[in-house]
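The values are calculated or read from the model by the stated rules, or taken from the named source; none is laboratory data. From a predicted model like this one, the values you see are computed outputs, not experimental measurements. Cβ coordinates were reconstructed from backbone atoms using ideal geometry, including for glycine residues, and neighbour counts include every protein chain displayed.
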């Protein structure tokens, strides 16, 4: 286990129940690989939700030093953290302009992504007062969340307010890019091209992480990878082209023996079918480990690596603890104080997410808030 690195956060190693290691070199390698695939389009970086749980400051710092010059976040508070690390980068805020929020964007030279005509009008009025900063415009091509409809976009395109809004980017978002054969991809791509024609001279951005792998037709002027930067597989039906970024380890607090028929954990849902040894690991849902990753007599849960070998979780994941069945390991292995690996080596974030019935995005953004964090590869 790597305990030293260029930066650490959280409790000291001697006091930590778990260690979250983030490989910034792998993160940068992922960004560069995506940028090469998308060229000549610009490759931005989505760093919302505290850079998918990896930490805005170290992530933005590493990407900025590597040449990334455009970042996307969800909220202004996140954008200000990005600005502190990347003084001359372009920073877009996906949540857009809240009423009366123009001065908040001007303070740190941030750009809202506007999603409605009312927002565009307010932003144009604010710019008329003296601020000349740009903004993005979100159009809806099939996600049916934020964004202007085709009719609203067409109306805006002929509205006198448009030249006053200072639009620098037109964006939309693919709903099923991780399923290349889904017909909605082609419909969204076609509709986005139609909407781009309404706003000549404004750069376009459609592709997310998985969208980058759909090919040049959806790359436009800028791609916006998020989860793939952090090691989530953008091509779920193929081998993961991304390098793993996150490693999670938990301290083993106790090794105990139980008899056939004994149950483990809350609800007594897992029963030992033989005399067994358990390693009790200091990880739980309080650390972001999905409770649904646990095991029962009816369902197999996730694995955890102990002494380099896969061992199944036994029983439910509780707030602070996981039990791993280490019966098949050699006598004396593991010992109290050893470390078990929840993510890393042969277990990636997508595997853990699949066992928990969720996606890698959710796993990443919840992990390690009380762990010791170690940043390597800066």
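Here are the numbers for the structure shown:
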{"quantity": "Those residues of the range 225-242 which are assigned to a loop (DSSP other than H, G, I, E, B), in contact with a strand residue (DSSP E or B) (Cβ under 7 Å, 6 or more places away or on another chain) and crowded, with 24+ Cβ neighbours inside 10 Å, in sequence order", "calculated": "225, 231"}
{"quantity": "Hey, residue 198 surrounded by 22 or more Cβ atoms within 10 Å (Cβ to Cβ), closer than 27 Å to residue 132 by Cα and at pLDDT 95 or above or not", "calculated": "no"}
{"quantity": "Test result for residue 15, part of a helix (DSSP H, G or I) and more than 20 Å from the chain's Cα centre (by Cα)", "calculated": "no"}
{"quantity": "Filter result for residue 40 (assigned to a loop (DSSP other than H, G, I, E, B) and out of contact with any strand residue (DSSP E or B) (no Cβ under 8 Å at 6 or more places or on another chain))", "calculated": "yes"}
{"quantity": "Total residues in the range 124-145, condition surrounded by 16 or more Cβ atoms within 10 Å (Cβ to Cβ) and over 21 Å from residue 70 (Cα atoms)", "calculated": "6"}
{"quantity": "Residue count for the range 198-220, restricted to those that are outside any strand (DSSP E or B), under 23 Å from residue 159 (Cβ atoms) and out of contact with any helix residue (DSSP H, G or I) (no Cβ under 9 Å at 6 or more places or on another chain)", "calculated": "2"}
{"quantity": "Selected residue (only one of 114, 63, 24, 20 is surrounded by 24 or more Cβ atoms within 10 Å (Cβ to Cβ), farther than 25 Å from residue 211 by Cβ and touching a strand residue (DSSP E or B) at 6+ places or on another chain (Cβ under 8 Å))", "calculated": "20"}
{"quantity": "Some residue of the range 148-165 being in contact with a strand residue (DSSP E or B) (Cβ under 7 Å, 6 or more places away or on another chain), touching a residue at least 12 places away in the same chain (Cβ under 8 Å) and within 30 Å of residue 238 (Cα to Cα)", "calculated": "no"}
{"quantity": "Helices (runs of 4 or more DSSP H) (entirely within the range 53-128) containing at least 2 residues that are over 30 Å from residue 8 (Cβ atoms)", "calculated": "102-107, 117-128"}
{"quantity": "Flag if residue 91 is touching a helix residue (DSSP H, G or I) at 6+ places or on another chain (Cβ under 8 Å) and within 30 Å of residue 39 (Cβ to Cβ)", "calculated": "yes"}
{"quantity": "Any hit, the range 158-176, residues being at pLDDT 95 or above, assigned to a strand (DSSP E or B) and surrounded by fewer than 18 Cβ atoms within 10 Å (Cβ to Cβ)", "calculated": "yes"}
{"quantity": "From 298, 283, 278, residue being within 24 Å of the chain's Cα centre (by Cα) and at pLDDT 95 or above", "calculated": "283"}
{"quantity": "Sole exception among (1) more than 24 Å from residue 41 (Cβ to Cβ); (2) touching a residue at least 40 places away in the same chain (Cβ under 8 Å); (3) in contact with a strand residue (DSSP E or B) (Cβ under 9 Å, 6 or more places away or on another chain) for residue 108, by number", "calculated": "(2)"}
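Every residue, every condition in (1) assigned by TED's automatic domain parsing to the domain that holds residue 302; (2) without any contact (Cβ under 8 Å) to a residue 12 or more places away in the chain; (3) under 17 Å from residue 52 (Cβ atoms), yes or no:
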| position | (1), (2), (3) |
| --- | --- |
| 193 | no, yes, no |
| 196 | no, no, no |
| 204 | no, no, no |
| 207 | no, no, no |
| 217 | no, no, no |
| 222 | no, no, no |
| 259 | yes, no, no |
| 276 | yes, no, no |
